1. How high is the relative contact order of segment 57-152, in percent, counting Cα pairs under 8 Å that sit 6 or more residues apart?
2. Calculate, in nm to one decimal, what residue 141 and residue 209 gain on full extension: separation in residues at 0.36 nm each, minus their alpha carbon distance.
3. Calculate log10 I(q)/I(0) of segment 135-209 for q = 0.15, 0.22, 0.23 Å⁻¹, where I(q) comes from the Debye formula with a single equal point scatterer on each Cα and nothing for solvent.
4. Can you give the Rg and Dmax of segment 154-194 based on its C-alpha atoms, in angstrom?
5. Over segment 6-208, calculate the relative contact order: mean separation of alpha carbon pairs under 8 Å at least 6 apart, over the residue count, as a percent.
6. When the helix-only estimate is applied to the chain (DSSP H runs of n ≥ 4, each -39,500 (n - 2.57), divided by the residue count), what is the mean residue ellipticity at 222 nm, nearest 500 deg cm²/dmol?
7. Restricting to bridges with both residues inside segment 6-208, how much of the DSSP beta-bridge set is antiparallel, in percent to the nearest 5?
8. Could you list 81, 200, 68 so that the one with the fewest beta carbons within 10 Å of its beta carbon is first and the one with the most is last?
């Protein structure tokens with residue numbers, strides 16, 4: 001597969017970019033990943049980069065965006081933070097990716113069995129984790145069921161899954177609310193902002209509406 005460059009990036013539409021990630025994940029799930037010469041890609045990108053997408057994901061070691069989407073050197077920007085939360089630094093990074101570097105797609109990639117979400121559900125407090133996990137609270141509040149407080153914790157797998165999905169949607173909403181740059185690019189059709197959810201048991205990425 002050809003290394004991403006500015007000409008290829010410019011020719012892509014946001015939907016093309018999404019399709020490329022979707023197809024890459026299918027290859028990953030089917031154990032049919034593209035054979036790449038990564039050192040050749042290093043050589044090809046030494047003078048610059050033109051990634052077609054920016055992926056905001058969790059730091060979880062099982063959810064490397066380059067692997068689960070079967071992408072190579074120079075293909076995607078990766079922003080990773082526990083719980084795929086959004087803050088000023090993340091927003092600035094994604095704004096650079098799209099407005100300056102020309103990426104056509106922003107994906108917020110949550111995942112099943114997310115430790116950050118589980119910690120937030122259990123009200124974990126530990127150093128700088130405390131304010132970070134507080135950013136997951138809106139997703140917990142948005143998850144109405146179960147209503148019984150005894151079932152709203154990390155021991156309830158269905159609750160954790162629902163909160164993790166709502167957390168992805170919350171991050172998407174925050175991007176649109178807090179970044180006028182990205183909201184404008186989306187409104188003008190220059191980029192897509194897409195929610196996605198990774199199944200750690202199967203390797204499959206579900207693209208959420």
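Bear in mind these aren't lab numbers, they're just calculated from the coordinates by the rules spelled out. Keep in mind the model is a prediction, meaning the values are calculated, not measured. Using ideal geometry, Cβ is built from the backbone for each residue, glycine included, and neighbour counts are taken over all protein chains shown.
1. Relative CO of segment 57-152 lands at 26 percent.
2. Using 0.36 nm per residue and subtracting the Cα-Cα distance, I get 22.5 nm.
3. Once normalised to I(0) and log-transformed, intensities are -0.62, -1.01, -1.05.
4. Reported Rg and Dmax, both Å: 13.8, 43.
5. Reported relative contact order: 25 percent.
6. -12000 deg cm²/dmol
7. Of all bridge pairs located within segment 6-208, approximately 20 percent are antiparallel.
8. By the 10 Å Cβ count, ascending, the order reads 200, 81, 68.
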